[in-house]
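**Student:** Got a structure for you, questions after.
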Amino acid sequence: MSETAESKANSTQGALAIAAALLLGMAAVLTAWSAYRESLTSDLVLKNYSEQQAILSLANDAYIRSGQERQQEISLFVETALAAVASSEDDTTAVDYLTQAIMSEELRAAFEWWRDEPEATTPPTPFVPENPAFADLPSQVLLAEGEAYDEQAEALRLAAEAADANSDRFDLANVFFAVVLFVAGLTTIVQRRSIQVGFLALGSFGLIAGLAILVTTPGAFELG
């Protein structure tokens, strides 16, 4: 081999070695960053699921208390309605006592609407949406509270699933970066230039693929 050819070969080998080193360095940095983001995202998955369970407990508690309130409201309404039927126009003591001393303000308003609008519902009952006071009943307030908690829990579930999907993408990116590290490492060992070029091309493809996954993953380049 002539001195010129040998110099050219050495120059090419040096360029290939530099390219391999650059691939190794970029893949190592991107692997570390992707692993960092995956760790944070996994923590977010656990956090969202944990908060979801806590919110669901609050929702269940609200539903239980709503049912208890509803039973009390129905029982008190029936008792008051029977007292109203049994009382005379001159003696409304029992009804007045039940409505003024026992009933909540909201139930009293619902009862009075029912008493003043006997034909408004079939069968006649104050526990209907048509009753303006119905939504203010403690049972309905608690029911709405439970439904609001359910909506929060659903939002947390969706956020956890989205974070879990992102975590999987970070893992997939790391698979490509691992291939790059392996191939670039082999490039520094083999001596045949055609094989080195092939390895570098494969490594470059893996690096681009992994980077593309990172770029298209929400929050991939956020610090926290």
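To keep it simple, each residue is scored yes or no on (1) in contact (Cβ under 8 Å) with a residue 40 or more places away in the chain; (2) surrounded by 14 or more Cβ atoms within 10 Å (Cβ to Cβ); (3) within 30 Å of ASP164 (Cα to Cα).
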site	(1), (2), (3)
LEU44	yes, yes, yes
GLN52	yes, yes, yes
LEU58	yes, yes, yes
ILE64	no, no, no
GLU69	yes, yes, no
ILE74	yes, yes, no
THR80	no, yes, no
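**Student:** Still on this structure, I have one more. Being in contact with a helix residue (DSSP H, G or I) (Cβ under 9 Å, 6 or more places away or on another chain) and at pLDDT 95 or above: is that true of THR12 here?
**Tutor:** no
**Student:** Out of curiosity, is ASP150 under 20 Å from ASN48 (Cα atoms), in contact (Cβ under 8 Å) with a residue 60 or more places away in the chain, part of a helix (DSSP H, G or I) and among the acidic types (Asp, Glu)?
**Tutor:** Considered against the rule, which asks whether it is under 20 Å from ASN48 (Cα atoms), in contact (Cβ under 8 Å) with a residue 60 or more places away in the chain, part of a helix (DSSP H, G or I) and among the acidic types (Asp, Glu), ASP150 comes out as yes.
**Student:** Please determine, by comparing only the residues of the range 210-224 that are at pLDDT 95 or above and crowded, with 17+ Cβ neighbours inside 10 Å, which one is nearest to the chain's Cα centre (by Cα).
**Tutor:** Selected residue: THR217.
**Student:** How many residues does the range 83-136 hold that are assigned to a helix (DSSP H, G or I), among the β-branched types (Val, Ile, Thr) and without any contact (Cβ under 8 Å) to a residue 24 or more places away in the chain?
**Tutor:** Here the count works out to 4.
**Student:** Can you tell me how many residues within the range 12-42 are hydrophobic (A, V, I, L, M, F, W, C) and within 19 Å of ALA160 (Cα to Cα)?
**Tutor:** Residues in the range 12-42 being hydrophobic (A, V, I, L, M, F, W, C) and within 19 Å of ALA160 (Cα to Cα): 2 in total.
The values are calculated or read from the model by the stated rules, or taken from the named source; none is laboratory data. This one's a predicted model, so the numbers in the text were calculated from it and none came from an experiment. Note: ideal-geometry Cβ built from the backbone for every residue, glycine included; neighbour counts use all protein chains shown.
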